[in-house]
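This report refers to the structure that appears directly beneath it.
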Amino acid sequence: MMGKIIKGQLILLLLSLLAGHAVAQSDQIYSTSGARLEGNVVGVSPVAVEIDVRGSKRSVSVNEISRVTFAEDPPGLQAGRARAIAGKHKAALVDLQMVNPAEIERELVRQDLIFYLAFVRAKLALTTGGDKREAAAAMLAFVRAAPRSQHFFSAAELLGDLSLAQGDYSQAVKYYGAVSNKAPWPSYSLRAKLSEARATIAEGNYQRAQQIYDAVLADKSNSVEAKRQKLFAQIGKSRCVAETGSVEEAIAEIENIIDQNDSSDAELFGRAYNALGACYRKAGKPKEALMAYLHIEILFYADSDIHAEALHNLVELWDELKNPDRSVAAKNLLNERYAGSVWANQ
């Protein structure tokens, strides 16, 4: 057994070297813009990472960081982190599990390993399947052990996602609120508010969800990303209007958003067509609803949660429209790809 572990570690190291990622001699911060700082990470917090670059200390805001690597990274952590960030969660878990936390001397490196282990387990539990309670417990244990980590807000959002997937809507709102109330960047706080609103919709409280969407729309932030988040809020608000007011008004607003924006934004259009489908179902128009959800099935399926929601509705609509074979096919795809999704369990 020990021989297999050592062999596996050697393979990981060799792959890393072949890929041009030789063992680093310093810590490195990679920014979202593509820039890189090399030095010694001397401090972290939920909002910034401090690095000493040749005697000069620099503070880098967490919202501008794509990843942080450390000189002491074991090969398994180096490979697992990269795969986790790339969305290759199953492969990342294999890499990360080859590292023994007890053998890591530097606390920041050990914390990073524990976070990414919890991260990939949460992602797997939310998509292909896994124990959501165990995943949430692992992430919560990380937050309690490292409350000042640069991963704090990411961990809180995932705890919200896991709570939502388990039907614990009030707990999901609590975790999302930790981000929306404490994160100093509009891109984080607005996104968390949108998640909070979706949890509130799942609870069936459309009036409260509409209030949250209104708060996002009233935010004075004017960046490109803030404007994008406000489009999501307008879509969500229209969904609420369909439930509490005029369905036709809601449909017209969503169709206007679709007409006025770039379809290359798959997440935006996925949210829009899911909301449009829900509005048509509310209006008693199953054929129109079916066409809305098929847009996601054919074009805008990249986001797992959006695709799972569309498949869930397609299962019901194909059945309602007397096409059981298509209904079964949609259900099989939902269970095959997104067994851990809240939509597969409804």
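Details
- Of all residues in segment 105-116, at least one satisfies being over 24 Å from N63 (Cβ atoms) and in a loop (DSSP other than H, G, I, E, B).
- Selection within segment 270-286 - among the hydrophobic types (A, V, I, L, M, F, W, C) and buried (at least 22 other Cβ atoms within 10 Å of the Cβ): A272, A275, L276, A278, C279
- Selection within segment 288-313 - open to solvent by 80 Å² or more (accessible area, probe 1.4 Å) and either among the β-branched types (V, I, T) or at positive phi (or both): I298
- Subset of segment 91-126 that is without any contact (Cβ under 8 Å) to a residue 12 or more places away in the chain and touching a helix residue (DSSP H, G or I) at 6+ places or on another chain (Cβ under 7 Å) - its residue that is surrounded by the fewest Cβ atoms within 10 Å (Cβ to Cβ): A91
- Subset tally (residues that are assigned to a strand (DSSP E or B), of a type in the set (S, T, Y) and open to solvent by less than 70 Å² (accessible area, probe 1.4 Å)) for segment 36-84: 4
- The single condition among (1) more than 24 Å from A250 (Cα to Cα); (2) open to solvent by 60 Å² or more (accessible area, probe 1.4 Å); (3) out of contact with any Phe, Trp or Tyr (no Cβ under 9 Å at 6 or more places or on another chain) that E316 does not meet is (1).
The values are calculated or read from the model by the stated rules, or taken from the named source; none is laboratory data. In this text the structure is predicted, and so the values were computed from the model without any measurement. Please note: Cβ atoms are built from the backbone with ideal geometry, for glycine as well, and neighbour counts cover all protein chains shown. For accessibility, only protein heavy atoms count, side chains too; no ligands or nucleic acids. Shrake-Rupley method; radii C 1.70, N 1.55, O 1.52, S 1.80 Å.
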